[in-house]
Amino acid sequence: MNFWSFMVQNRDEVAQLTLEHLWIVGISTMFSVGIGVPLGILITRRPKLHNPVIITANIIQTIPSLALFGFLLPTPWIGDRAGRLAVLALTLYALLPLIRNTYAGIKGVDRAVVEAARGMGLTDWQLLCKVELPLAASVILAGMRVAVVISVGLATIAAAIGAGGLGELIFRGLAMVNNSVILAGAVPAALMALLADFGLGWLGRRFAPPQAA
Amino acid sequence: MNGAAVEFRGVSYQVPNGREILHDFNLVVPRGEILVLLGRSGSGKTTALKLVNRLYELSSGDLLVESRAAREWDIIKLRRSIGYAIQEVGLFPHYTVSRNIGVVPAIEQWAPERTEARVQELLKLVGLNSDIGPRYPHQLSGGQRQRVGVARALAADPPILLMDEPFGALDPLTRADLQREFLSLQEQLGKTVLFVTHDLHEALLLGTRIALLEEGRLVSTSSPQEFLHSSDPLVQKYVQAFSAAEQVRGGK
Ligand SMILES: Nc1ncnc2c1ncn2[C@@H]1O[C@H](COP(=O)(O)OP(=O)(O)O)[C@@H](O)[C@H]1O
Ligand SMILES: [Mg+2]
């Protein structure tokens, strides 16, 4: 059976697994943005925390993904469900590009702009929301782009612990030595990564400060 | 009330690692004066200015703003009553000219119509055409940018202005224009201005009084006339270096 006829015959399952995949990537991206961006901001404010935070995020990224799933398995509540485990692992993996880019984006804001803003009497919060974050937005989005593309790929491996998603087709195809089944998982995953890459790239350009546009 | 807008009383400033870069600084700046802080680069002019709006916090001594210790002011309120213009201007690149000028009115929550009217008034005041309002900073010339910077500093009508080499990066012709316009502006507004420069020509032109700094110390304060005829050796050194440059410029 070739790839196309497999896709057509199993379209409901492929669609279902694609949605699961999207769900895992979407939720973990939300968490990693929700944690990574504030951490990135924090280390611009507390220079002493910069190295510990970056090094920790770096170490997490060097753990092979299957090993990370294994490490997290004993975590209470999280370990109960494969889906939760996958979301936690992907969240952790995506932290580094988000923290690093948030930090770099804010540090990259022209010092004269920050100085003028503070001199005019903007509060710390106003400085962050009106000046630093808008000017760092395109760099932060670039970090998110990297994070999402990594997550789409890693989420296929989450199928190994039973979290579902397109990885299921890939592992099934590997077991059956059937390329069509492997491709039925791999092609939608690749498309998803490309779309995310393109979409976030476009957003990043839209949010670039005027002189860079 | 002693009428002083800003007063340094034995102020010193130490950087966190311990080096003292401003020593026992004493200076009274009466209301309505353009006090020029003159000195070579690294002499501590910027530091002295940043102590006033508390971008730096002094290490010892007292600094009074409107007869009240700067440290007793709410820091945000203090900064909003002091206009700040710097050489690099520091306009927000993602804001239009109008929005840049209206930053302080906006955070002070003025009604939009009032802000807009004020922006138009300021554009005129600093010699800019109102059709420049919708543009972005990167679409302006250096002189236009600095005019916008001055307009922004004046937006909420602060009684005190701090200006750190605001015209230092401009070509000589544009600089001369802005200096002239700044003087006539000051005639209308009567602000208290602390103006930093390393250029004696600019100091003589703009200052009602000149304070000379050297290595973090105040060497002398004098009127421009007194400055030129001072017997202080450091002042003389400065004047001589300047007149030598003037002679070259005059082709003699
Ligand atoms: N944050 C800092 N840490 C250490 N030294 C500094 C710092 N800021 C300024 N200085 C030093 O303080 C001196 C005065 O600097 P500044 O006030 O900027 O001089 P000016 O504005 O007259 O050129 C210089 O020697 C400068 O190198
Ligand atoms: Mg300076």
Built amide H within the under 5 Å cut-off of B:V6, gap 5+
B:V29, B:E66
How large is the convex hull of the C-alpha atoms of the stretch A:50-147 per residue, in Å³?
122 Å³
For chain B, max minus min Cα coordinate along each principal axis, in Å, sorted largest first?
54, 51, 36
Alpha carbon centre of the stretch A:60-134 versus the stretch A:166-182: separation in Å?
34 Å
What is the ratio of the Cα radius of gyration of chain A to 2.2 N^0.38 Å, where N is its residue count, to two decimals?
1.19
Over all distinct alpha-carbon pairs, what is the Kirkwood Rh of the protein assembly as shown in angstrom?
26.1 Å
Need the per-residue list for the stretch B:118-157: every residue with at least 10 Å² less accessible surface in the complex of protein chains than in the chain by itself, probe 1.4 Å, sorted by number.
B:Y136, B:H138, B:R152
For chain B, with a Gaussian network of springs between Cα atoms less than 10 Å apart, report the residue from B:A117, B:A153, B:A69 with the top mean-square fluctuation.
B:A117
Under a point-charge model restricted to the Cβ atoms of Lys and Arg (+1) and Asp and Glu (-1), what is the dipole moment magnitude of chain B relative to its Cα centre, in debye to the nearest 20?
300 debye
Taking springs between alpha-carbon atoms closer than 10 angstrom, which of B:L194, B:L161, B:L140 fluctuates most in the Gaussian network model of chain B?
B:L140
In the protein assembly as shown, carbon and sulfur make up what percent of the accessible area (probe 1.4 Å)?
58 percent
Quick one: 3J(HN,Hα) in Hz for the stretch A:203-209, Karplus 6.51/-1.76/1.60 with θ = phi - 60°, rounded, Gly and Pro as x.
4, x, 5, 5, 8, 5, x
Could you give the dipole magnitude of the stretch B:144-205 about its Cα centre, charging the beta-carbon of Lys and Arg +1 and that of Asp and Glu -1, in debye to the nearest 20?
180 debye
Report the paramagnetic label zone for B:R135: residues of the stretch B:174-206 whose backbone N is under 20 Å from a point 7 Å from Cα along the Cα-to-Cβ axis.
B:174-179, B:181-182
Isotropic mean projected area of the C-alpha convex hull, the stretch B:91-158 (nm²)
4.0 nm²
Rolling a 1.4 Å sphere over the protein heavy atoms, what is the accessible area per residue of the stretch A:1-86, to the nearest Å²?
62 Å²
Net charge of neighbours whose Cβ lies under 12 Å from the Cβ of A:A163, counting Lys and Arg as +1 and Asp and Glu as -1
0
How much length is gained if the chain between A:W125 and A:I60 is pulled fully straight, taking 0.36 nm per residue apart and subtracting their Cα-Cα distance, in nm to one decimal?
20.3 nm
Averaged over residues of A:108-115, the number of beta carbons from other chains lying within 10 Å of each residue's Cβ is 4
Per-residue Cβ counts within 10 Å, from other chains only, averaged over A:133-144: what number is that?
1
What is the sum of charges around B:G216, taking Lys and Arg as +1, Asp and Glu as -1, for the other residues whose C-beta is under 11 Å from the C-beta of B:G216?
-1
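The values are calculated or read from the model by the stated rules, or taken from the named source; none is laboratory data. Being a predicted model, the structure only gives us computed values, none of them experimental. Note that each Cβ is placed from the backbone with ideal geometry, even for glycine, and that neighbours are counted across all protein chains shown. Calculation scope for accessible area: heavy atoms of the full protein, side chains included, ligands and nucleic acids excluded. Shrake-Rupley method; radii C 1.70, N 1.55, O 1.52, S 1.80 Å.
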